[in-house]
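Asks: This is the structure I want to talk about, given as structure tokens.
The values are calculated or read from the model by the stated rules, or taken from the named source; none is laboratory data. Predicted, not measured: the structure shown is a model, and the values here were computed from it. Cβ placement follows ideal geometry from the backbone for every residue including glycine, while neighbour counts extend to all protein chains displayed.
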Amino acid sequence: MTVDDLTRTCQEIRTADLVASLEDCWSAIRDHHGDVPPVVVILGSGSPARAGQVMKWGHFASMRWQHGGDLVHEVLISGEGLARSPEEILTTLLHEAAHALADVRDIKDTSRQGRWHNKHFAALAKELGLTVDKHDRFGWTVCNLADHTPIRYAVPLKALADVLSLYRHPEPVGAAKERENSNNGLSCLCDCGRKIRIAKSVFEIGPIVCAVCDGAFAPEDAGGA
């Protein structure tokens, strides 16, 4: 531990400074992308509710806050995710900004209760300065900063680094119960709610698309982004 690290851990805990820095990052995103709407930024838990789900680094929710006569969107940043680097946190903010853009432009960018991210999401994320790769279970969710993006956000990234002095520990989750049957399968749903059960090895070969809604089947117990 360096002297600077020790000094930071001895400072008074001020979550207000941290939230303000996250808000400044969002304002910087809006400066570069005028269609991104204002939001209320909050901190919360990203821990999965049950075994088999994944940690959430962030979440976008449409029209959750009342501000005078206006409804305002919400962006949650998980306290657990604050253990990551400023660049990774900015990646999460840009990920949620892509969802915000989809909401504003009335674009369906996800399915399966927001778990499966489609090509529309990928296009929006790239527009905001992310590179995007496809995940077998969650779609186009593997996001990283494009080469030019850290330079564009150098000032808010530095300010965020200066206030990252605390993070939340993940909540314990009980181990998933395993069936003794060797034919364990995955229960999967598509956009229109049709359900199938298939072997995990079959699912991992590649996406299975519903012929009715053209949505990809995704595991019923998959976690969010």
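Asks: Does Ser21 count as modelled with pLDDT of 95 or more, among the polar types (S, T, N, Q), touching a Leu at 6+ places or on another chain (Cβ under 6 Å) and surrounded by 14 or more Cβ atoms within 10 Å (Cβ to Cβ)?
Replies: When the stated conditions are applied, Ser21 passes them.
Asks: Would you call Ala125 small (Gly, Ala, Ser) and within 23 Å of Pro37 (Cβ to Cβ)?
Replies: Answer is yes for this residue.
Asks: Next up: Tell me the strands (runs of 3 or more DSSP E) entirely within region 60-158 that contain at least 2 residues that are touching a His at 6+ places or on another chain (Cβ under 6 Å).
Replies: The qualifying strands (runs of 3 or more DSSP E) are 139-145.
Asks: Condition check: touching a Gly at 6+ places or on another chain (Cβ under 7 Å), surrounded by 15 or more Cβ atoms within 10 Å (Cβ to Cβ), in the same structural domain as Val142 (by TED's automatic domain parsing) and among the acidic types (Asp, Glu). Does Glu80 satisfy that?
Replies: For Glu80, the condition - touching a Gly at 6+ places or on another chain (Cβ under 7 Å), surrounded by 15 or more Cβ atoms within 10 Å (Cβ to Cβ), in the same structural domain as Val142 (by TED's automatic domain parsing) and among the acidic types (Asp, Glu) - is met.
Asks: Follow-up question, since we're still on this one. For region 133-154, give me each residue that is in contact with a Ser or Thr (Cβ under 9 Å, 6 or more places away or on another chain) and of a type in the set (Gly, Ala, Ser).
Replies: Gly139, Ala146
Asks: While we're on this one: Before we move on, is Ser165 among the hydroxyl-bearing types (Ser, Thr, Tyr) and modelled with pLDDT under 85?
Replies: no
Asks: Pairs only if they're at least six apart or on different chains, beta carbon under 9 angstrom, first in region 101-119 and over 12 Å from His135 (Cα atoms), second of a type in the set (Ser, Thr, Tyr); list them, first residue then second.
Replies: Ala102/Thr110; Asp103/Ser62
Asks: Turning to a different aspect of this structure: Looking only at residues in region 88-142 that are basic (Lys, Arg) and surrounded by fewer than 21 Cβ atoms within 10 Å (Cβ to Cβ), which one is farthest from the chain's Cα centre (by Cα)?
Replies: Arg105
Asks: Look at Arg30 and say whether it is touching a residue at least 24 places away in the same chain (Cβ under 8 Å) and not aromatic (Phe, Trp, Tyr).
Replies: Answer is no for this residue.
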